[in-house]
Amino acid sequence: METRHLTMISLGGVIGTGLFLSSGYTIHQAGPLGAIIAYAIGSVLVYFIMLSLGELSVAMPYAGSFHLYAKRFIGPGTAFTIAVLYWLNWAVALASEFT
C-alpha cells in the first residue's frame, strides 16, 4: 500500500458513515442552502465552545474531563450530571454508528 491508500483508509475510519447519511437527511429536509447555513451555524457554536474550553484548560490545568470545571464553578451535582450525560451521549452515538 502507498501512503495515499493508508491516508484514505484512516480518513474513512475517522469520519464514519453517519456523517454522510445524516448529511443526506439534512439536505433532504432543509435543502442545499439550508444545510450549508445549518452546518455553518453549528460549526461557529462548536468553535466558540472549544475556544472556551481551551481557555479554561490553560487557566486551570486539571487532570480530568471538562466536567471538573463545572464541579469547580457550579457544584458537584452539576458535574455529576454533566459526566453522566456525556457518557450517555457517547453510548448512544456509538450505537447509532452501527446502524
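Where a number appears in this text, it was derived from the coordinates with a stated rule and is not lab data. The model shown is predicted, which means the values in this text are computed figures rather than measured ones. Using ideal geometry, Cβ is built from the backbone for each residue, glycine included, and neighbour counts are taken over all protein chains shown.
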Before anything else, pin down the relative contact order of segment 16-99: Cα pairs under 8 Å, at least 6 apart, normalised by residue count, whole percent. 26 percent
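How large is the helix-only mean residue ellipticity at 222 nm for the chain, computed as the sum of -39500 (n - 2.57) over DSSP H runs with n ≥ 4, divided by its residue count, in deg cm²/dmol to the nearest 500?
Details: 4 runs with 85 residues, N = 99.
It comes out at -30000 deg cm²/dmol, rounded to the nearest 500.
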Quick one: if you stick a label point 7 Å off each Cα along the C-beta vector at Tyr47 and Leu33, how many nm between them? 2.2 nm
Quick one: 3J(HN,Hα) in Hz for segment 31-45, Karplus 6.51/-1.76/1.60 with θ = phi - 60°, rounded, Gly and Pro as x. x, x, 5, x, 5, 5, 5, 5, 5, 5, 5, x, 5, 5, 4
Rg and Dmax of segment 1-61, Cα atoms only, in Å: 16.7, 44
